Amino acid sequence: MRIRAGTDDVSSSCSRSRRPLLVLSCAFALLSAIAMCASAAPVASQEGAVQPGTDEDAGVEARGSGDPPGMQMTARPAIVLPPAPPAPRIAPIVDEPTAVRAEKAVAAHDRPVALSKTILGLLGLITLAYLGGHARVVALERKLGIAQVITSGFPFIVLGLLARTPTAGILTDELLAQLNPLLRVGLGYIGFAAGVRFGTRLPKGIPALRTVAAVTTAPFLLVALLSGLVLLLMTGDISTAALRDPVFVRDALILGTAGAVTAQSSLEIFRAVDPHGAVKSVLGFEEAAGIAGMAIIAAYFRPQTGVTWQLPGTAWLLLTLGLGVTLGVMAYAVMKRPQQGPEFVLLSLGLIGFCAGTAGYLRLSPIVVAFLAGAFLVLLPELPRAQLREALSRLERPVYMLSLVVIGALWQISDWRGWVLVPVFTISRLLGKRLGLNIALRVSALQLDSDQRLAITMAPIGRLAIAIVVNAQLLYPGGSISPIVAAVIVGGMMTEIIVQVASRQAMNDGARLRGVQ
Amino acid sequence: VNLLMLLLFAGLTHATRSFVADGEPGSSGTSLAFGYLLVSGYFAGRAVSEIGLPKLTGYLLLGVAVGPPGLGLVSRPMVENLSLVNGMAIAMIALTAGTELELAKIKPLRRTVVGISAFAVLGTVVWLAATVWLARPLLPFFGELTTIQAAAVTLVLAIVLVAQSPAIVVALHDELRADGVMTRSVLAVVVLADLLVICLFALSSAAARATLGAGADVLHTLTVVGWEIGGSIAVGLVVGALLVLYLRHVKADAALMLLLTTFVVAEIGSRLGLDPLLVALAAGAFVRNGSQVADELHHNLQVCALPVYVLFFCVAGANMQTDALALVWLPATLIAVVRAIGLLLGARVGARLVGAPDVVQRFAGYGLLPQAGLAQALALLFSRTFPEFSAEASTLVLAVVTLNVLISPVAYRIALARSGEASRQHTDAEALQIDDAEQAR
């Protein structure tokens with residue numbers, strides 16, 4: 001049954017070293033074209049009726065775009081989105097954090113209760129951690145098909161959600177504002193780690209362009225179209241103007257981008273053997289496509305902020321690329337020198353924070369900039385790669401899990417729009433993956449066994465997808481991204497459960513088949 | 001190369017900041033400062049260690065150079081927003097110090113500790129009080145006070161000014177991997193002095209308020225002090241017990257759990273009126289003396305300690321009031337010199353009287369010189385307690401702290417090197433080898 005390896009897909013030949021650039025260029029070109037088509041919208045808005053301002057109560061960004069000063073350029077400028085105040089739940093993390101450190105001492109008579117709650121909370125955490133690692137509980141999780149949901153860190157999201165409630169009173173607005181850098185560093189970490197993975201895999205060969213295009217474009221388009229349609233239906237305005245609204249186009253692109261990305265754990269879940277790295281390579285390029293999508297969204301849909309440069313979208317895209325490469329070179333200069341383990345961890349963390357901060361200043365995506373820096377870094381020679389991998393793995397759990405707690409705290413669970421989006425997002429994504437693979441199998445010489453196919457079509461939503469939507473929420477803190485974040489988080493949990501059921505089914509089928517034989 | 005890298009990162013940070021209109025930092029400013037200080041702090045530490053100074057002086061100098069009073073690459077809002085890391089760092093440093101407080105090893109040193117504390121710490125309070133009293137003509141805020149009021153305020157200031165810094169002491173011990181009788185004595189003294197200063201400050205400031213006509217509520221003062229010290233120790237023991245439970249039964253992701261614990265101790269502790277330093281210290285001491293998992297705790301702390309230390313000292317440098325030093329340099333220098341002489345002489349006399357080893361007599365005083373967080377916190381508390389002359393008095397205290405922060409780590413590093421106790425601590429790998437060898441025997 002197993003392995004007719006994807007001979008078309010993976011080439012170890014160095015003579016094909018130009019192909020990565022070609023594929024990346026094509027992916028960029030495809031997404032740029034979509035964004036550029038959408039960029040006609042603000043011109044119409046500028047010429048026609050402009051609806052600046054916001055609908056603060058509903059937490060929804062006003063559709064339409066203003067014409068900010070400094071935008072009259074001969075080159076087509078990036079789409080400058082209308083100003084929108086951040087949704088109340090995420091305001092502490094995006095607002096100007098100058099006066100957040102208000103001392104909120106607990107009154108003397110409330111202290112015993114607050115203290116008891118804190119200690120009980122810590123005890124509860126330890127109990128949960130103990131139970132989480134207990135063999136019987138792990139077996140039960142597997143039986144119920146929720147093991148992956150647990151190990152993917154979703155409980156930390158729930159923890160953040162609970163800690164933000166007024167009853168718990170742990171993650172207050174002030175504290176959340178202080179955790180802002182942690183979240184940005186967490187996003188940078190996810191991007192950097194993905195970049196290092198991508199850069200490490202790149203010299204080993206890449207999948208055929210047609211394969212990558214099919215497996216990423218189909219879920220991207222299907223999710224963007226179907227989820228976008230639901231987004232429109234929820235606003236109650238299905239006019240041509242609404243379809244051309246840059247905020248709508250941006251939201252649909254974000255959903256599509258998140259839908260195209262797949263968790264790297266997919267292969268392990270389906271226990272698929274991948275001796276030539278064909279599936280891994282495809283999954284890696286899906287990540288790269290997600291990054292490209294995010295880069296284009298951040299470049300072409302500019303939040304209205306105090307950034308002094310007003311540039312066309314393509315210039316922002318090139319700036320992103322240049323910044324990522326520059327930071328990669330600086331990271332190389334720093335990391336090439338021999339260091340001890342803890343120093344390497346320190347430098348990795350510092351460089352990731354620097355990438356995230358620099359990107360944030362320019363209102364670019366920290367994930368994208370850190371990804372480019374990480375990918376470029378590992379392509380350079382004489383880098384202590386083993387040390388880098390060790391440093392990243394040391395940082396992984398603390399940075400990622402703490403970021404998830406903050407993400408949970410930002411989750412607007414009461415927003416019904418998110419819950420409406422969940423089934424559409426989940427189903428359209430799975431359908432898109434299936435469709436994409438079918439097209440790839442037809443148009444390319446890609447050959448996969450059933451487990452490998454399952455690993456691609458039934459792939460769970462990775463942390464990168466969640467990071468992409470959270471990053472979008474930080475870039476565009478107006479209300480319309482909140483349901484998208486909710487949809488991707490809950491969709492992620494649902495997909496994990498579906499994936500577990502599918503993997504068990506696949507294993508049962510395999511066992512039955514072996515029995516018959 | 002180190003200087004080149006420092007320049008490179010400073011240049012890029014400056015360029016990045018110039019993208020935003022009006023220098024407004026935006027919510028990304030803190031992330032930029034976080035990354036910039038970590039990377040540049042590393043190179044600053046290396047640069048100064050090459051000329052024989054402690055790395056933490058490099059971190060502090062970098063903070064001063066790029067902080068608000070210096071180049072301004074790290075702005076005031078960025079520094080304020082990194083204060084969460086500060087709280088965690090103090091808790092982490094205290095937890096480390098706690099795990100080094102092994103009662104069995106400290107018990108033989110108790111006479112030394114008491115002797116040094118009495119002569120050096122309490123003795124220096126007297127010296128400092130006399131100096132401040134005599135320097136009144138240089139300090140305008142004493143102008144309108146009566147003799148009784150001036151005496152009371154002088155005493156409070158002397159207590160604030162004598163405060164030590166367990167954070168710097170522990171960081172230097174870690175950096176130089178120092179261990180020995182002097183190292184342990186110094187750690188025990190600075191911890192004890194920390195408790196002493198907190199108690200004395202509460203009592204003397206209540207008395208001073210009474211002389212200024214605000215009335216003294218003795219019971220309230222005792223309750224507050226009792227809660228801060230007793231409550232902190234009690235809560236610390238509970239936190240220590242929880243850590244032992246975790247390290248014994250869960251083990252996985254211990255570094256993450258430690259980060260979470262220090263975060264809770266720093267954030268919730270200060271909101272509840274507890275001293276996060278004491279809470280973490282008590283927790284660490286409980287783990288060391290009440291369980292077998294102290295080495296595991298110490299190892300996990302070291303995994304995540306370096307970034308926290310670097311950031312903490314860089315932010316401490318950026319927070320330094322170098323402009324205050326320019327205003328009150330004469331009395332500040334005078335006080336710093338008297339404090340140094342008082343501590344050095346007091347430690348020597350105290351140690352000699354109790355018959356401490358020669359190395360303790362000669363070098364322990366240098367470990368009492370560093371001053372940082374506690375004195376700054378007390379200066380803040382002082383300005384809240386005495387709003388009548390808060391600005392001038394705080395300026396004086398902060399100027400003294402600035403001088404001590406910059407000079408005393410260097411002095412203590414030299415003392416550690418000369419005492420022969422530097423590089424005596426075993427790394428984890430070495431400890432493992434020793435254990436194996438002992439088992440083999």
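The values are calculated or read from the model by the stated rules, or taken from the named source; none is laboratory data. Worth saying up front: this structure is predicted, and the values here are computed from it rather than measured. Don't worry about glycine lacking a Cβ; one is built from the backbone with ideal geometry, like all the others, and counts go over all protein chains shown.
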For B:HIS14: the one exception among (1) more than 19 Å from A:LEU347 (Cβ to Cβ); (2) facing chain A (nearest Cβ under 9 Å); (3) of a type outside the set (A, V, I, L, M): (2)
Scanning segment B:19-43 for residues that are more than 25 Å from the chain's Cα centre (by Cα) and modelled with pLDDT of 80 or more, which turns out nearest to the other protein chains (Cβ to nearest Cβ)? B:LEU32
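Let's see how each residue does on (1) over 30 Å from B:GLN371 (Cβ atoms); (2) within 14 Å of chain A (Cβ to nearest Cβ); (3) in a loop (DSSP other than H, G, I, E, B):
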{"position": "B:CYS199", "(1), (2), (3)": "no, no, no"}
{"position": "B:TRP227", "(1), (2), (3)": "no, yes, no"}
{"position": "B:VAL238", "(1), (2), (3)": "yes, yes, no"}
{"position": "B:ALA241", "(1), (2), (3)": "yes, yes, no"}
{"position": "B:ALA266", "(1), (2), (3)": "no, yes, no"}
{"position": "B:ASN289", "(1), (2), (3)": "no, no, no"}
{"position": "B:HIS298", "(1), (2), (3)": "no, yes, no"}
Out of A:LEU351, A:LEU402, A:LEU383, sole residue that is over 17 Å from the mean Cα position of the chain (by Cα) and in a helix (DSSP H, G or I): A:LEU351
Please verify whether B:ILE90 is modelled with pLDDT under 80 and either out of contact with any helix residue (DSSP H, G or I) (no Cβ under 8 Å at 6 or more places or on another chain) or buried (at least 23 other Cβ atoms within 10 Å of the Cβ) (or both), treating the condition exactly as stated. yes
Restricting to segment B:65-109, count the residues that are more than 14 Å from chain A (Cβ to nearest Cβ), within 22 Å of the chain's Cα centre (by Cα) and charged (D, E, K, R). 2
For segment B:243-264, which positions are at the interface with chain A (Cβ under 7 Å from one of its Cβ atoms) and not in a helix (DSSP H, G or I)? B:VAL250, B:ALA252, B:ASP253
Taking the criterion of being within 12 Å of chain B (Cβ to nearest Cβ), free of Cβ contacts under 8 Å to residues at least 12 places away in the same chain, part of a loop (DSSP other than H, G, I, E, B) and touching a helix residue (DSSP H, G or I) at 6+ places or on another chain (Cβ under 9 Å), would at least one residue in segment A:354-362 satisfy it? no
Counting only residues in segment B:324-376 that are part of a loop (DSSP other than H, G, I, E, B) and β-branched (Val, Ile, Thr), the one nearest to the chain's Cα centre (by Cα) is identified as B:VAL328
Quick check on A:LEU351: is it surrounded by 17 or more Cβ atoms within 10 Å (Cβ to Cβ), on the phi < 0 side of the Ramachandran plot and within 10 Å of chain B (Cβ to nearest Cβ)? yes
Assess whether A:SER403 counts as being surrounded by 22 or more Cβ atoms within 10 Å (Cβ to Cβ), closer than 30 Å to A:LEU176 by Cα and not hydrophobic (A, V, I, L, M, F, W, C). yes
Report yes if some residue within segment A:378-391 is under 21 Å from B:CYS304 (Cβ atoms), polar (S, T, N, Q) and more than 7 Å from every other protein chain (Cβ to nearest Cβ); otherwise report no. yes
Of the listed residues (B:LEU245, B:LEU237, B:LEU192), the one being in contact (Cβ under 8 Å) with a residue 60 or more places away in the chain and under 18 Å from B:ALA285 (Cα atoms) is B:LEU192
Out of A:LEU323, A:LEU346, A:LEU327, sole residue that is buried (at least 19 other Cβ atoms within 10 Å of the Cβ), facing chain B (nearest Cβ under 7 Å) and free of Cβ contacts under 8 Å to residues at least 60 places away in the same chain: A:LEU346
Taking the stated definitions as given, is A:VAL223 modelled with pLDDT of 85 or more and crowded, with 22+ Cβ neighbours inside 10 Å? yes
Could you run through segment A:432-486 and say how many residues are out of contact with any strand residue (DSSP E or B) (no Cβ under 8 Å at 6 or more places or on another chain) and either assigned to a loop (DSSP other than H, G, I, E, B) or closer than 30 Å to A:CYS355 by Cα (or both)? 31
If we keep just the residues of segment B:40-83 that are aliphatic (A, V, I, L, M) and within 19 Å of A:ARG337 (Cα to Cα), which is surrounded by the most Cβ atoms within 10 Å (Cβ to Cβ)? B:ALA44
Could you pull out the residue among B:ILE198, B:ILE168 that is touching a Pro at 6+ places or on another chain (Cβ under 6 Å) and crowded, with 20+ Cβ neighbours inside 10 Å? B:ILE168
B:ALA158, sole failed condition from (1) over 18 Å from the mean Cα position of the chain (by Cα); (2) without any contact (Cβ under 8 Å) to a residue 40 or more places away in the chain: (1)
